[in-house]
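Encoded as structure tokens, the structure appears first; notes follow it.
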Amino acid sequence: MAEFQYKMIAPDGSTKKGRMTAKSKEAAVAALKAEKNTVTSIQEVSGLKKGINLSFGGKVKPRDFSIFCHQFVSIVGAGVTIVDAFNMLSEQTANKTLQGAIRSVHTDISKGDTLANSMRRQNGVFPDMLCNMVEAGEASGSLDKSFSRMAIQFEKDAKLESAVKKAVIYPAVLIVVMIAVVFVMMTFVIPNFIGMYDDIGGELPMVTQLLVSISDFFVGYWWAILIGAAALVMGYKMFYGTPKGKMLIDKVKLKIPALGPVQTKSACARLGRTLCTLLGAGVPMIDALDITARSMDNEHYKIAMKDAKEQVTRGVTLSRPLKTCGLFPPMVIHMVSIGEETGNIETMLENVANYYEDDVQNATESMMALMEPAIIIVMAGAVGFLVIAMLSPMFSLYESLG
């Protein structure tokens, strides 16, 4: 399957663009024309452009979807029809990508198509979980409840995502700033002091000689350092983009003392919240497990949930594959097992989600509390080395004059 980027004129005369997967260019054009669209341009997305969102609106975040779901519930609750509700939402949605998708959905449902099918046509803008929830809501006549559940789901996802990002981004920014300061010092500041040392004369202390050697390397090969850093970042991204690379790096993430527990608790929270929401809306267990697997960030948890889906399909209870994979804490396994025995698995999953969502927040704060002093100590050590190396020749000169 290849990915294609297209521009077309819809039956209503509006110009649209997006992406789709198909076996060939001809198959992609045929699929678009089958819906009475006029294709103006289509081309295969190259490897360098894959994964890049070209829409001016950018990626639709969980917070955007949460607002969208809350607004839908409020508007429909006021007695407005679904068609008119989507027309109103298209005018007040801030995210341009989501706004365009809502307009397309409004056009489709105005022609009599179902809401779930219309949302699935929007090139992946709407998550599978939301589409399945909408389909279940349409079948049961409780569409407002489906959107209300998803509003809560997206709120929780946004908080969880924010907590995990905070745990990773904050120390990463501090480390990058520290490296940048050292680079600037070695490349631009230290060379000025070297000239002063030459005027003083005499043999430099060993620590100062080391600093001068490092500075000379930075001055002479700064371009190689920048190219090497860029190559390292690109190499990491390319390696992480391969199946083996993603498996290896995600495994390392789980082994890191501070980050590993956050990843585990985040996966447990996502498992509980996603399954609870889907099962509560009447989505079958097999489909719910499939959607939950795709929602996992860590590849090992994704594989574990796919395996759980296969075993549940064969009649095995969910708690058994969760236990055998060795990735989930005993508390999750016991709670799921109790839910299966009592027939109250949704409540148990919700309890799992509530507990681990709070635990992720606590673990994130603990991780940052541990990393902040560690990074400060490293920065203090680097600054101390620079100060001692720069001032040592002056102390030696004062001693000789004395």
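Taking the conditions (1) polar (S, T, N, Q); (2) touching a helix residue (DSSP H, G or I) at 6+ places or on another chain (Cβ under 7 Å); (3) over 20 Å from Leu289 (Cα atoms) in turn, Ser146 satisfies each one other than (3). Just checking, does the stretch 242-259 include any residue being over 30 Å from Val184 (Cβ atoms) and at pLDDT below 85? Looking for residues that are over 30 Å from Val184 (Cβ atoms) and at pLDDT below 85, one finds at least one in the stretch 242-259, hence yes.
The residues of the stretch 217-253 that are of a type in the set (A, V, I, L, M, F, W, C) and either under 16 Å from the mean Cα position of the chain (by Cα) or closer than 25 Å to Ala288 by Cα (or both), listed by number, are Met247, Ile249. Given the condition surrounded by fewer than 17 Cβ atoms within 10 Å (Cβ to Cβ), small (Gly, Ala, Ser), outside the structural domain of Met129 (by TED's automatic domain parsing) and in a helix (DSSP H, G or I), answer yes or no: does some residue in the stretch 276-285 qualify? Within the stretch 276-285, not a single residue is surrounded by fewer than 17 Cβ atoms within 10 Å (Cβ to Cβ), small (Gly, Ala, Ser), outside the structural domain of Met129 (by TED's automatic domain parsing) and in a helix (DSSP H, G or I).
Could you list, in sequence order, all residues of the stretch 114-136 that are within 18 Å of the chain's Cα centre (by Cα), modelled with pLDDT under 85 and either closer than 15 Å to Gly100 by Cα or not assigned by TED's automatic domain parsing to the domain that holds Cys69 (or both)? Result: Gly124, single match. For the stretch 315-354, which positions are of a type in the set (Gly, Ala, Ser) and within 26 Å of the chain's Cα centre (by Cα)? Matches in the stretch 315-354: Gly326, Ala353. Identify, please: which residue in the stretch 289-334 is touching a residue at least 60 places away in the same chain (Cβ under 8 Å) and in a helix (DSSP H, G or I) and is, among those, farthest from Cys131 (Cα to Cα)? Looking at the filtered set, the residue picked out is Val332. Scanning the stretch 227-245 for residues that are of a type in the set (A, V, I, L, M) and surrounded by 13 or more Cβ atoms within 10 Å (Cβ to Cβ) turns up nothing.
Filter the stretch 3-43 for residues that are surrounded by fewer than 14 Cβ atoms within 10 Å (Cβ to Cβ), more than 22 Å from Asp108 (Cα to Cα) and of a type outside the set (S, T, N, Q); which is modelled with the lowest pLDDT? Filtering first and then ranking leaves Lys23. Restricted to the stretch 167-177, and to residues that are over 20 Å from the mean Cα position of the chain (by Cα) and modelled with pLDDT under 80, which residue is nearest to Ser215 (Cα to Cα)? The qualifying residue nearest to Ser215 (Cα to Cα) is Ile175.
The values are calculated or read from the model by the stated rules, or taken from the named source; none is laboratory data. Since the structure is predicted, the reported quantities are computational estimates derived from the model, not experimental observations. Glycine gets a Cβ as well: all are built from the backbone with ideal geometry, and neighbour counts include every protein chain shown.
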